[in-house]
Amino acid sequence: MATTKAAKAVSKGFIITLQRSPIGTPQKHRRVLCGLGLRKIRQTVTRPDTLQVRGMISKVGYLLEVRPQ
C-alpha cells in the first residue's frame, strides 16, 4: 500500500504544450485539444494524471509536447 501512495505522489500531472497547428487535422482532434484547454500554439496547460487525460494525450500526441509535473 505504501508504494501506491508514493507512486501517486511522484506523478501529480502533466505539463502539456501545443507545438503544432491543428489546421488540417480531423475535427475530433481539434475538439480533444479544446477539451485539454489548448487554443494557441505554444500555449501550456497543467492537467492531472488521469486515464481520461492520458487518452486525450495519446489521441493528439503528435501535436503536443508532454512533460511530467
Yes or no: the stretch 52-60 includes at least one residue that is touching a Gly at 6+ places or on another chain (Cβ under 7 Å) and at pLDDT 95 or above.
yes
Residues located in the stretch 1-27, provided they are surrounded by 10 or more Cβ atoms within 10 Å (Cβ to Cβ) and either at pLDDT 95 or above or touching a Phe, Trp or Tyr at 6+ places or on another chain (Cβ under 7 Å) (or both)
G13, F14, I15, I16, T17, L18, Q19, R20, S21, P22, T25, P26
First in the stretch 52-69 and within 19 Å of S21 (Cα to Cα), second anywhere and among the hydroxyl-bearing types (S, T, Y) and in a strand (DSSP E or B), Cβ under 6 Å, 6 or more apart
E65/T17
Are there any pairs, at least 6 apart or on different chains, whose C-beta atoms fall under 9 Å, with the first in the stretch 28-51 and surrounded by 13 or more Cβ atoms within 10 Å (Cβ to Cβ) and the second outside any loop (DSSP other than H, G, I, E, B) and modelled with pLDDT under 95, and if so, which?
D49/K8
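The values are calculated or read from the model by the stated rules, or taken from the named source; none is laboratory data. None of these values were measured; they are calculated from a predicted model. Positions of Cβ are generated from backbone atoms using ideal geometry, with glycine treated the same way; all protein chains shown enter the neighbour counts.
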